[in-house]
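Working notes, beginning with the structure itself.
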Amino acid sequence: MTKSIDRDPPSQIRAVRRFNRFYAAAIEAMENALFKDYSRAELQILYELAYRPHITAKQLAASLSMDAGYLSRTLAGMVRRKLITRSRSETDARNQPLALSKHGIATFKKLDTLANDHIGGVLKQMTPARTRRLIAAMQEVTQAMESRGEAVPPFVFRPPKPGDLGWIIHRHGTVIAEEFGWDEHFEGMIAEIVGEFVKNYDATSDRCWVAEHDGEVVGSVFLVRADHATAKLRVLYVEPHMRGHGLGRKLVDKAVREAKKIGYAKVELWTTRGLDSARKIYEGAGFKLVNETPHAEFSSARLEPVGQTWELDLSQQAVES
């Protein structure tokens with residue numbers, strides 16, 4: 001008898017493949033409706049040459065991960081249709097610079113407008129909230145697939161603007177609460193912390209930073225006065241798709257440096273046992289665990305109700321610029 005083969009992949013793989021099938025079908029439907037006179041390869045080449053003029057066929061093949069023979073045949077057809085032009089190369093046809101012809105430029109602009117209008121029409125059928133969720137999900141997929149260890153553009157750190165504090169409460173009440181199984185009392189605690197920050201804010205001793213990446217808010221941290229010698233580090237948060245790029249450590253380091261400049265002798269923070277990623281950030285910044293106490297402020301199905309107090313002694317550290 002032939003041994004049966006287990007063809008049921010893990011759920012994560014099934015989810016990716018399901019998304020791939022859905023996305024491929026959506027793109028194919030749009031291309032069939034709008035671009036039926038052009039192959040997918042031709043559309044990709046038109047787009048590349050519109051934004052990367054004078055790229056060579058060799059570079060184009062690498063950029064599109066396209067077979068060199070298939071690319072050569074496609075380019076030849078596009079030359080015959082007067083969509084692209086080739087500059088001469090004395091040594092290697094693969095190194096001939098390519099560019100869109102006048103007809104090619106006009107064709108690209110027409111197709112680009114059709115695509116923009118089609119996508120704009122799809123988005124208009126959605127509510128603003130659903131559109132925001134869709135765009136955020138697309139950005140997260142792109143970040144996850146593109147990062148693979150590459151450097152990300154610099155983060156921008158700034159004071160909060162109107163709406164940012166509400167965003168901080170919302171992300172804690174949704175993302176963090178869902179990750180660790182906390183109930184609504186956790187969101188209530190975050191709201192109280194943020195409300196107290198606004199109510200008691202003192203520009204000489206208190207700080208809040210919001211982190212942006214490519215125009216998107218992706219993190220936050222607070223530094224508030226506990227007493228004349230002690231600051232509290234509070235509400236550290238990093239968006240899931242930005243984790244692994246050192247943003248949490250950058251936010252903590254920024255708060256610590258500012259605490260030194262203000263003149264605090266100590267920074268303390270309170271957290272819950274089991275938040276291992278945050279613990280590594282605190283330890284890396286020099287914080288020491290000084291106390292553990294059971295708490296029942298908010299319940300979790302996944303973490304022990306044990307609060308932790310961490311401290312960082314600044315009294316012997318030099319102020320950094």
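What is the one condition in (1) part of a helix (DSSP H, G or I); (2) open to solvent by 40 Å² or more (accessible area, probe 1.4 Å) that GLY104 does not satisfy?
It is condition (2) that GLY104 fails.
From ALA231, ALA211, ALA259, grab the single residue that is hydrophobic (A, V, I, L, M, F, W, C), touching a residue at least 40 places away in the same chain (Cβ under 8 Å) and more than 30 Å from ARG133 (Cα to Cα). Please lay out each step first, then the result.
Details: ALA231 fails: touching a residue at least 40 places away in the same chain (Cβ under 8 Å); ALA211 fails: more than 30 Å from ARG133 (Cα to Cα).
On inspection, the qualifying residue turns out to be ALA259.
Which fully enclosed strands (runs of 3 or more DSSP E) of segment 199-249 have 1 or more residues being touching a Gly at 6+ places or on another chain (Cβ under 6 Å) and farther than 15 Å from ALA278 by Cβ?
Numbers: elements: 207-213, 216-227, 230-238.
Hits in segment 199-249: 207-213.
Output the number of the condition that GLU216 fails; it satisfies all remaining conditions of (1) open to solvent by 30 Å² or more (accessible area, probe 1.4 Å); (2) modelled with pLDDT of 90 or more.
Against the list (1) open to solvent by 30 Å² or more (accessible area, probe 1.4 Å); (2) modelled with pLDDT of 90 or more, GLU216 comes up short only on (2).
Is it the case, given these coordinates, that ALA191 is assigned to a helix (DSSP H, G or I) and surrounded by 21 or more Cβ atoms within 10 Å (Cβ to Cβ)?
Here the answer is no, as ALA191 does not meet what is asked.
Take segment 246-264 and flag every residue that is surrounded by fewer than 20 Cβ atoms within 10 Å (Cβ to Cβ) and not acidic (Asp, Glu).
GLY246, ARG249, LYS250, LYS254, ARG257, LYS260, LYS261, ILE262, GLY263
Test GLU196 against the stated conditions and say whether it is outside any strand (DSSP E or B), open to solvent by 50 Å² or more (accessible area, probe 1.4 Å) and modelled with pLDDT under 95.
Criteria not met by GLU196.
Of all residues in segment 102-119, which are free of Cβ contacts under 8 Å to residues at least 40 places away in the same chain and either charged (D, E, K, R) or closer than 16 Å to ALA29 by Cα (or both)?
LYS102, LYS109, LYS110, ASN116, ASP117, ILE119
The values are calculated or read from the model by the stated rules, or taken from the named source; none is laboratory data. All values derive from a computational prediction rather than experimental measurement. Cβ: placed from backbone, ideal geometry, glycine included. Neighbour counts: every protein chain shown. The area values use the complete protein model at the heavy-atom level, side chains included, leaving out ligands, DNA and RNA. Shrake-Rupley method; radii C 1.70, N 1.55, O 1.52, S 1.80 Å.
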